[in-house]
Amino acid sequence: MPTDPLTAVADELYGLLPDEFTAMRNDRAHEVRGDDRELASRIQELRRPSPAGWLVNQLVRHRAGHLDAILDVGAELRDAQDELDADALSRLTKQRRQLIAAILRDAGELAEELGNPVRGPVLDEVAQTLQAGMSDATAADAMRSGRLVRALAAVGLEVDVDGAVAGGPALTAATGARRAGGSKARASEASESSEASAAADVAAREARERAEQRTEMAAAALKELDGRVDEHRKWIADITSERDQLEGRLRTVESELADAERKLRSVARERDRAARALELASAAAEQTRDALR
């Protein structure tokens, strides 16, 4: 549990829906302003997370096991890159692609469950952030904080996390040591041309794998949308059929109504004639009674 007051407030805020963030942040700042104006000011400076940042924060809270599995594979990938282990790189890269595809599907469903559905570009940024967390230990710590303000992006093997985490630093001492060690190792490897060539091959393989992953994501999105288009077409066909049936029934009812109105007019005329006949018969009967008196 966080002991720093700002971190505690940030943990609460970055677990909220985006639309709830600003009002709750302002409330929390107002609550502490009387006792700690500096803390209130720091709370007020907390920024609403981007859609991708929000969704990664929710994965931390609701899908921690899945996220840890991806970040653990990322750590193994970094070790394999440092050791130039081609077999391990091939195996782990395939595993990473499968895990990311799975968690992206889960992320979309989670956003729906939480009442804040997202679109494809947001999931692309989530995928980018996952890639960054797998390629850099500092980025992995930033993701695990659950307080991301924005998406992360890897540039080569480095990720800029400055200002990406709200409510306190996400870089741990262990991460700093790993990052420093990794930088030294890469500097040493770069000094030998054969190792530099192998690293270039790895980078090319990584780029190819990312392109394949984007293709798979786009194909999956297209397949889903094709299914939705088919569903809506069937819906329209059903409604059109129902409308045609109702229009046919309406024409039948209108014809029956016209027949009933014609019959009513005929019966009304007969009734009028019967009424006049009754009136004449009554008059004749009255005259007959008068004559007999």
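All of the numbers you see were taken from the coordinates with simple rules; none came from a lab. Fair warning: this is a prediction, and the values are worked out from it, not measured in the lab. Every residue, glycine among them, receives a Cβ derived from its backbone with ideal geometry; neighbour counts consider all protein chains shown.
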(request) Give the share of C-alpha pairs in each 5 angstrom bin for segment 5-44, from 0 to the last occupied bin, in whole percents, shortest bins first. (result) 6, 27, 36, 20, 9, 2
(request) With θ set to phi - 60°, apply the Karplus curve 6.51 cos²θ - 1.76 cosθ + 1.60 along segment 126-142 and write out the HN-Hα couplings as whole Hz, x wherever there is a Gly or Pro. (result) 4, 4, 4, 5, 4, 4, 5, x, 7, 8, 9, 5, 5, 5, 4, 4, 4
(message) Below 13 angstrom from the Cβ of residue 16, what's the summed charge of the other residues (Lys, Arg +1; Asp, Glu -1)?
(response) 0
(request) Apply the Karplus parameterisation 6.51 cos²θ - 1.76 cosθ + 1.60, with θ equal to phi minus 60°, to every residue of segment 36-53 and state each ³J(HN,Hα) to the nearest whole Hz, in sequence, with x for glycine and proline. (result) 8, 5, 5, 4, 4, 5, 5, 5, 4, 7, 4, 9, 4, x, 5, x, 5, x
(request) Please state the charge dipole magnitude for segment 36-139, taken about the Cα centre, from unit charges on C-beta atoms (+1 on K and R, -1 on D and E), reported in debye and rounded to the nearest 20. (result) 420
(message) In whole Hz and in residue order, list the ³J(HN,Hα) couplings for segment 246-262 that follow from phi through the Karplus curve 6.51 cos²θ - 1.76 cosθ + 1.60, θ = phi - 60°; x for Gly and Pro.
(response) 5, 5, x, 5, 5, 4, 5, 5, 5, 5, 5, 5, 5, 4, 4, 5, 4
(request) Search the structure for amide H atoms under 5 Å from the amide H of residue 154, placed 1.01 Å from N in the peptide plane, and list their residues when 5 or more places away or on another chain. (result) 132
